1. Inspect all residues belonging to the range 77-86 and state whether any of them is part of a helix (DSSP H, G or I) and buried (at least 18 other Cβ atoms within 10 Å of the Cβ).
2. Do the conditions hold for Leu33, that is, is it of a type outside the set (Phe, Trp, Tyr), without any contact (Cβ under 8 Å) to a residue 60 or more places away in the chain and on the phi < 0 side of the Ramachandran plot?
3. Quickly run through the range 149-193 and pick out the residues that are among the polar types (S, T, N, Q) and surrounded by 20 or more Cβ atoms within 10 Å (Cβ to Cβ).
4. Filter the range 194-217 down to the residues that are of a type in the set (A, V, I, L, M, F, W, C) and open to solvent by 40 Å² or more (accessible area, probe 1.4 Å), then identify the one that is farthest from Leu5 (Cα to Cα).
5. Please indicate, with yes or no, whether at least one residue in the range 187-200 is farther than 16 Å from Asp102 by Cα, hydroxyl-bearing (Ser, Thr, Tyr) and within 16 Å of the chain's Cα centre (by Cα).
6. Give the number of residues within the range 5-14 that are open to solvent by less than 20 Å² (accessible area, probe 1.4 Å), in a helix (DSSP H, G or I), in contact (Cβ under 8 Å) with a residue 60 or more places away in the chain and out of contact with any Ser or Thr (no Cβ under 8 Å at 6 or more places or on another chain).
7. For the range 65-76, which residues satisfy the criterion of being within 19 Å of Met96 (Cα to Cα) and part of a helix (DSSP H, G or I)?
8. Give me the pairs: first residue in the range 78-97 and over 20 Å from Leu142 (Cα atoms), second residue among the β-branched types (Val, Ile, Thr), beta-carbon distance under 6 Å, and six or more apart or on different chains, which are they?
Amino acid sequence: MSLQLFGHPFSSYTQKALIALYAGGTPFEFRDLGPEYPENGAFVAAAHPAGKFPVLVDGVSTVVEATAIIEHLAIHHPGEAQLIPADPADAMIARMIDRVFDNYVMSNVQRVVGAYIANMERPDPAEVAAGNEGLSRAYRWLESWLGANKLPPHVSLVTCAAAPSLFYGDWVERIPSDCSRLSSLRAELLALPAVSRCVEEARPYRPLFPLGAPDRD
């Protein structure tokens, strides 16, 4: 099989790539980065400039970074889902919102999670507060944007970025009640088969979440 995805089921960015593969019906081999597969970790350490995942191998091509993996799939393995809108203007908007979810939702989730991983008993309060404040600001920006704009049809690059970001983001800092559009989008995304599959595959790893995974999802 030419396509191999290296990652971990509980990783948000691995899920981002997996959603694209599942939604497209694209055959691939998953190469788990659990401790029982040290050879996979060694490959990623050499393949990615920072040793991060996911990493996609497609024959002789190696693609790093989840957004680039989705772009690669859209070009070389177009499936049932239109991952990148055909209209260039719509594609630009999709790429913009992809960056918003990665840089201002997921990055703030990681900031809070990182503070707990660094010190489970006494996480840095400044880091936790900054991460939560960043999430709140991103939520309200997205709520306003959703009120004036339309997302590409599912499953797109935006879907792939938004689903894990909102899934884990709501665990760290609840989406406020006055962000009803964003809450509805989260519920809509979690009901999609490709997203639901990722959630279920990651369920056994929930004890790893340092803040304590909620039971509501």
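The values are calculated or read from the model by the stated rules, or taken from the named source; none is laboratory data. Computed from a predicted structure; not experimentally measured. So basically every Cβ, Gly included, is an ideal-geometry build from the backbone, and we count neighbours across all protein chains shown. Note: accessible area is taken over every heavy atom of the protein model, side chains too, but ligands, DNA and RNA are not part of it. Shrake-Rupley method; radii C 1.70, N 1.55, O 1.52, S 1.80 Å.
1. no
2. yes
3. Filtering the range 149-193 for residues among the polar types (S, T, N, Q) gives 149, 156, 159, 165, 177, 180, 183-184.
Within the range 149-193, Ser156, Thr159, Ser165 qualify.
4. This residue is Leu211.
5. Yes - at least one qualifying residue is present in the range 187-200.
6. 0
7. Initial filter on the range 65-76 (within 19 Å of Met96 (Cα to Cα)): 65-75.
If the condition is that a residue be within 19 Å of Met96 (Cα to Cα) and part of a helix (DSSP H, G or I), then Ala66, Thr67, Ala68, Ile69, Ile70, Glu71, His72, Leu73, Ala74, Ile75 are the ones that fit.
8. Gly79/Thr26; Ala81/Val155; Leu83/Ile70
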